[in-house]
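Structure first, then comments.
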Ligand SMILES: *Cc1c(COP(=O)(O)O)cnc(C)c1O
């Protein structure tokens, strides 16, 4: 690997050899008992990395944008008010996604290279009854780090679901999802999680799952609908075979290896 060029972007990153080797195997069936146990373990490890013992983890073929799309599709119904705290490019993307599902979106935009001050966020939350807010934990373009603990606390205080875009931060920055009261953490495989591109990763609080269960209308996204994925995740957690869409088997083998390296 001597002549290989070093890749230095936020993601895809340089992957550990152990991670790459763990997926360099003939692809087993997605209902192979050994693979079921790899999937089960990966779901547990993902929750451990987000420090969310009681959360519901989802591992789905896709990218970080799909994880954002799933959070919006499953939690938003037409007319719901959503607040986007934007520190750059991906904040504005979240606003677009939320609008697709009929949300009435307000954006609080930071000065380039800065965060939105906490008192401005609180003022905005007092001004209207929002259902959900989103923020980018680490902004990929400016490296700005939002205070997830404080935003989580504000969400709890004002009874607003909090969605953290952690595509650039999960496994790089500490996240105490449960202790900080963050309802949804979305991420992807190819950044600090350390696995080649192709996985949308999400951990939802029980509070978020309850909001989903109380929907009045079906989710307007077939592939991303938690009603389709939840039984699959539960089955894998319980070491049972199940199928909705074929999981990216080799990538999930790599995910288990990388998450093991991260938590150990
Ligand atoms: C990379 C990134 C995304 C988009 O992820 P994809 O896997 O490219 O879809 C979203 N949010 C943040 C903060 C990112 O860094």
* Using a 10 angstrom cutoff on alpha carbons, build the Gaussian network for the chain and name the most mobile of 103, 200, 153. => 153
* Using only the Cα atoms, what convex hull volume per residue in Å³ does the stretch 1-60 have? -> 131
* Kirkwood Rh in Å, taken over all unlike Cα pairs in the stretch 50-263 -> 17.2
* What order, most packed first, do the peptides 38-45, 12-19 have when packing is the mean number of other Cβ atoms within 10 Å of each residue? -> 38-45, 12-19
* What is the Cα centroid distance between the stretch 175-195 and the stretch 147-161, reported in whole angstrom? -> 16
* Tell me, what does the Kirkwood hydrodynamic radius of the stretch 85-177 come to in angstroms if you use every pair of distinct C-alpha atoms? -> 13.4
* Asked: Per the Kirkwood definition applied to all pairs of different Cα atoms, how many angstroms is the hydrodynamic radius of the stretch 143-264?
  -> 16.0
* Structure fact -> Helix 64-75 sits off the longest principal axis of the Cα atoms of the chain, rounded to the nearest 10 on a 0 to 90 degree scale, by 50
* In degrees between 0 and 90, to the nearest 10, how far off the longest principal axis of the chain does helix 148-157 point, with axes built from Cα atoms? -> 50
* **Mean shadow area of the stretch 202-246 over all directions, Cα convex hull, nm²** => 3.6
* To do: Could you please state, rounded to a whole Å, how far the C-alpha centre of the stretch 204-264 is from the C-alpha centre of the stretch 68-144?
  => 24
* Rounded to the nearest 500 deg cm²/dmol, what is the calculated helix-only ellipticity per residue at 222 nm for the chain, with -39500 (n - 2.57) per DSSP H run of length n ≥ 4? -> -12000 deg cm²/dmol
* Can you tell me the FRET efficiency between residue 214 and residue 53 if r is taken as the Cβ-Cβ distance and R0 is 25 Å, rounded to the nearest 0.05? => 0.60
* **Rounded to 10°, Cα long-axis angle of helix 89-100 versus longest principal axis of the chain** => 80
* Asked: When only alpha-carbon atoms count, how far does the stretch 172-212 stretch along each of its three principal axes, as whole angstroms with the largest first?
  -> 32, 22, 7
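All of the numbers you see were taken from the coordinates with simple rules; none came from a lab. None of the values given here were measured: they were computed from a predicted structure. So basically every Cβ, Gly included, is an ideal-geometry build from the backbone, and we count neighbours across all protein chains shown.
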